[in-house]
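Engineer: So that we are looking at the same thing, I have put the structure below in structure tokens.
The values are calculated or read from the model by the stated rules, or taken from the named source; none is laboratory data. Keep in mind that what you see is a predicted model, and the values were worked out from it rather than measured. Note that each Cβ is placed from the backbone with ideal geometry, even for glycine, and that neighbours are counted across all protein chains shown. The accessibility values were calculated without ligands, DNA or RNA, using every heavy atom of the protein model including side chains. Shrake-Rupley method; radii C 1.70, N 1.55, O 1.52, S 1.80 Å.
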Amino acid sequence: MRASYGWLKSLVPGLTASPADVAERLTRAGIAVDTTHEHGAAAAVCVVAEVASIRPHPTKSGLRLVTVRHGAGEQEVVCGAPNVPEPGGLVVLAPLGAHLPAKGVTIERRTIAGVASEGMLCSEAELGLSEAGEGILVLPKGAAKPGQKLAEVFPEAHDFVYEIDLTPNRPDCLGHLGLAREISALYNLPFVLPEHGVAPASAETMAALGVAVEVRDAARCPHYGAALVRGVTVAPSPLGTQWRLAALGVRAISNVVDVTNLLMLLWGHPMHAFDLAHVRKKKIVVRLAEAGERIRTLDGVDRELVADDLLICDGEGPVALAGVMGGADSEIKASTRDVLFEVAYFDPRSVRRTARRHGMHTESSHRFERGVDRGDVARVLAHATSLTASLSPGARAAADVIHAAAPAPAPARVALRRSRMDALLGVAVPWADACAVLERLGFAKDADGAGDAATFAVPTHRPDVTREVDLVEEVIRTHGMDHVPAELPAIHPTRPVGGSEERARRARAAAVELGLSEAVTYAFTSTAGLEALGAPKPSVVLKNPIVDHHQVMRTSLLPGLLAAVKNAKNHGVRDATLFTVGSVYLASNPGALPAEPLWLAALLAGDRPAYLTKPSAYDAWDATGLAVALVERLAGRAPTIQRESFPHLHPRGSAGLYLDGVRVGRAGPLHPDVRDFFEVTEAAVVVEIDLEKVGEPRLPAYRALPRFPASARDVALVVHDDVPAGDVLGVVREAAGPLAEDVAIFDRFVGGAIPPEHASLAFRVVYRAPDRTLTDAEVDAAHAKVVAAAEARFSATLRR
């Protein structure tokens, strides 16, 4: 929201601090001022001038030569505006050397079509006051004396405007009075509500005129106030009012409409003005809409309503969406003579639902959604009638004001203890200062409050204060957070090396080395997602989740990874190679906190990288290959791969990862049902590794460089599909004996001459002796044992 420094200064007598200092103090008190910009800077250097004479330009028909008096003499300027007033009229002159920031120009002596011009007559746009630039600014007669600075005559013409980023819990600061109250407290200055006078009263009453108000839903509208002003003349507002509204981002429309906007910006309480002539049967009814009912709002949109929308109606139908926007049929027009003002309190949740449902966010709904001051309805109404009467001479307020109100709740009372305040803050604030701060903010201290404890009545403009800790926050943010010493708390430090942090670091490094990209995922997920994966049931359930799909703390890392793949696909990225490292939260002993083992999960989706070949999807071999590479980097040794079924993996490709007989992870293609649930359309394989069970890596043992040559033999064994390749690899390694330096599988082949339901597994065995060169006979003998062992164990045959 925007706020005017000049307006705030007028509301806080005695305020001498600069705009920059006020902005800094507000920000330090929790009311963040993002930027400050100078509005109408040219008004501080431009002067009021009186037109002395006008004559045509000697060579240009569209230009005129205007002589003006500006207190220090006369000078002639060339002007092309069509609205130069007759001699005696008042205009605004930018003298030589004046800078106009709105246009980025500095006034210099110029020759225009052969005539020297020493200055410029300015429009509102050139002065930076508004967007009106069709002609020059003409001031009302008698408004000023020639030679006066424009800002001296109209203080609203030069101002400093704050852009404030206000948190939703501070609706009181959505009006200048709330900000003025804050500034008074911060600078220890007195604060009083402004006097607004009393409107001349009409002899007639609203009741005598037949004006009535009926509230049918007191829960959503517990207080509705209405006041009538008769004999209004709709006209433009004074220039100062127009410029103040323009500085705050509101377009001036007419004196009546501007009253509603001006008071909303002052009190923070939206209001509405109806043309009484268009209020059918002179009756206002506050009720819920009927399903299918329609209204055309002020923005010209025809809207279909639902039964949950709260309406302001006249005697025949809707005239406004309560708290959001008025209807087009009862708006103020030039012909309006009688104005019915509405000031009400609407339930914030009701306004929020209606605004969201219709895709509307207005200045009015913004304030009602956060909670306006229920206690200022009468004051705002009185201010509206008096201000309207002052802007429209001859207008009279009806003698009565209608208040349709449910009984107001008793003011909340909150106790504050000095001991509790000091314990929370960690710094002692003088008790008298704390009480004075709260009283300056509008909290009334009970008369019997004494000693080191007191009870305060919470004002109606502060719905956010309900607890003792809220009062403590008010004290310290006003007293000054900079008074709290910066001290590091006593903590139990963790080991700089080792533990879960070191495991996570090594896991990330290993995954990045293998070309994976890290996805930072939420620790929250949905129960349905975990059930789809067959993951353990969640042990931590959130009572108030931010969104429906973040109801529980995860027992698997896969939901977050799969959500990242889906999001990438939605943004046009088909292939993904991702990993994440984090804790899962598993049930432990009853009454104990959940166990939090650290896991690594990796996912390959789409096609594997290919160059000059046809792309092919990731498969189970990619999963197991990635799993082996990750475990080797983490544990210092390769895992054993065993075929094993898991609920979320495809049964024909899933495998368990084992180290020393302990399962440390799993890998394989995702089950089609899981892919469907998470809306992952591409083929995907996953690897999951329990980093706690992997443990610390084994240090590599030193081995001297071989002195004798190696001899390699390849063997292709045909086995049944049911035989795991890892089992065959283990038998080959065992049968090759101590002369086998390395055994690796390098090929798998199916089809061709291979029998159905069989596969050919090709192994390379490297033989080497540490003390001699092996003979062919020694190698052949060792290799024959490999073939014999495979035949005996798996009924394998040698592929020829």
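Engineer: Could you tell me what percent of the accessible area of the chain is made up of carbon and sulfur, with a 1.4 Å probe and every protein chain present?
Structural biologist: Whole-percent figure for carbon plus sulfur exposure: 53.
Engineer: Quick one: if you stick a label point 7 Å off each Cα along the C-beta vector at ASP742 and ASP217, how many nm between them?
Structural biologist: 7.7 nm
Engineer: Same structure again: Cα centroids of the stretch 510-568 and the stretch 278-352: how far apart, whole angstrom?
Structural biologist: Their Cα centres are 46 Å away from one another.
Engineer: Separate question: In whole Å and largest first, what semi-axes does the C-alpha gyration tensor of the chain yield when each eigenvalue is scaled by 5 and square-rooted? Intermediate values should be presented prior to the final figure.
Structural biologist: Values: eigenvalues 1212, 243, 172 Å².
Square roots of five times the eigenvalues give 78, 35, 29 Å.
Engineer: Also: Out of the DSSP beta bridges found with both residues in the chain, what percent are antiparallel (nearest 5)? Don't jump to the answer; show the numbers that get you there.
Structural biologist: Working: 129 of 136 bridges.
If we restrict to bridges inside the chain, about 95 percent are antiparallel.
Engineer: Can I ask one more? Apply 1/(1 + (r/R0)^6) to the Cβ-Cβ distance of ASN83 and ALA44, taking R0 = 25 Å, and write down the FRET efficiency to the nearest 0.05.
Structural biologist: Values: r = 24 Å, r/R0 = 0.97.
After rounding to 0.05, the efficiency reads 0.55.
Engineer: In vacuum, with every alpha carbon of the stretch 109-225 counted as one equal point scatterer, what does the Debye formula give for log10 I(q)/I(0) at q = 0.20 Å⁻¹? Two decimals, please.
Structural biologist: After summing over all Cα pairs, the log10 values are -1.20.
Engineer: First measure r as the distance between the Cβ atoms of GLU696 and ARG608, then evaluate 1/(1 + (r/R0)^6) with R0 = 35 Å and state the FRET efficiency to the nearest 0.05.
Structural biologist: Values: r = 32 Å, r/R0 = 0.91.
Efficiency at R0 = 35 Å is approximately 0.65.
Engineer: Okay, next question. For a test of the definition: using alpha carbon positions, the gyration tensor, and the 1.5 limit on a/c, classify the stretch 448-601 as rounded, prolate or oblate.
Structural biologist: Working: a/c = 2.24, a/b = 1.89, b/c = 1.19.
It is prolate, given that a/c is not under 1.5 and a/b is the larger ratio.
Engineer: On to the next question. Sort the stretch 198-250 into rounded, prolate or oblate with this rule: let a ≥ b ≥ c be the square roots of the eigenvalues of the Cα gyration tensor; rounded if a/c is under 1.5, and if a/c is not under 1.5, prolate when a/b is larger than b/c, oblate otherwise. Could the numbers behind the result be given before it?
Structural biologist: Numbers: a/c = 3.51, a/b = 1.43, b/c = 2.45.
It comes out oblate by the Cα gyration axes.
Engineer: Per residue, how many Å² of accessible area does the chain show with a 1.4 Å probe? Can you show the working numbers first?
Structural biologist: Working: 38640 Å² over 800 residues.
On a per-residue basis, the chain sits at 48 Å².
Engineer: Right, something else. Please say if the stretch 554-672 is rounded, prolate or oblate, where rounded means a/c under 1.5 for a ≥ b ≥ c the square roots of the C-alpha gyration tensor eigenvalues, and otherwise the choice is prolate for a/b larger than b/c and oblate otherwise? Present the calculation step by step, with values, prior to reporting the outcome.
Structural biologist: Working: a/c = 2.03, a/b = 1.35, b/c = 1.51.
Oblate is the answer for the stretch 554-672, as a/c is 1.5 or above yet b/c matches or exceeds a/b.
Engineer: With +1 assigned to the C-beta of every Lys and Arg and -1 to the C-beta of every Asp and Glu, and no other charges, what is the dipole magnitude of the stretch 543-692 about the Cα centre in debye, to the nearest 20? Spell out each step's value before the answer.
Structural biologist: Details: 14 positive and 16 negative charges, 28 e Å.
So the magnitude is around 140 debye.
Engineer: Sticking with this one: Output the peptides 374-386, 570-582 sorted from most to least packed, where packing is the average of other Cβ atoms within 10 Å over each peptide's residues.
Structural biologist: On the way: 374-386: 21.3, 570-582: 16.5.
Going by the mean number of other Cβ atoms within 10 Å, highest first, we get 374-386, 570-582.
Engineer: I've got another one for you. By how many degrees, 0 to 90 and rounded to 10, does the Cα axis of helix 348-357 deviate from the longest principal axis of the chain?
Structural biologist: Here the helix axis deviates by roughly 70 degrees.
Engineer: Something else about it: Measure nothing but the geometry: give the 0 to 90° angle between the long axis through the Cα atoms of 176-186 and the longest principal axis through the Cα atoms of the chain, rounded to 10°.
Structural biologist: 80 degrees
Engineer: Moving on to the next point. In whole angstrom, how far apart do the alpha carbon centroids of the stretch 682-742 and the stretch 108-145 sit?
Structural biologist: 89 Å
Engineer: Picking from GLY451, VAL469, ALA398, whose Cα lies most toward the positive end of the charge dipole for the stretch 394-470 (charges on Cβ: Lys, Arg +1; Asp, Glu -1)?
Structural biologist: Looking along the dipole axis, the top candidate is ALA398.
Engineer: Given the peptides 504-510, 176-182, 287-293, arrange them by the average over their residues of other C-beta atoms within 10 Å, most packed first.
Structural biologist: 176-182, 504-510, 287-293
Engineer: Amide H to amide H, which residues 5 or more places from ASP400 or on other chains are under 5 Å from it, using H placed in the peptide plane?
Structural biologist: The answer is MET206.
Engineer: Set the Förster distance to 25 Å, then compute FRET efficiency between GLU682 and HIS549 from the Cβ-Cβ distance, nearest 0.05. Could the numbers behind the result be given before it?
Structural biologist: Values: r = 21 Å, r/R0 = 0.86.
The formula returns an efficiency of 0.70 here.
Engineer: How many nm is it between the label spots at LYS60 and ARG772, if each spot is 7 Å from the Cα in line with the beta carbon?
Structural biologist: Using points 7 Å along Cα→Cβ, the separation is 11.2 nm.
Engineer: Next up: With label points built 7 Å along Cα→Cβ from the Cα atoms of ARG356 and ARG417, find their separation and express it in nm.
Structural biologist: 3.9 nm
Engineer: Here's a follow-up. Roughly how far apart, in whole Å, are the Cα centres of the stretch 593-634 and the stretch 168-223?
Structural biologist: Using only Cα atoms to place each centre, the spacing works out to 65 Å.
Engineer: Could you give the angle, 0 to 90 degrees to the nearest 10, between helix 776-794's Cα long axis and the longest principal axis of the Cα atoms of the chain?
Structural biologist: Compared with the principal axis, the helix lies near 70 degrees.
Engineer: Positive end of the dipole of the stretch 604-704, charges at C-beta (+1 Lys, Arg; -1 Asp, Glu), about the Cα centre: which of GLY625, PHE646, THR681 has its Cα farthest in that direction?
Structural biologist: Farthest towards the positive end: GLY625.
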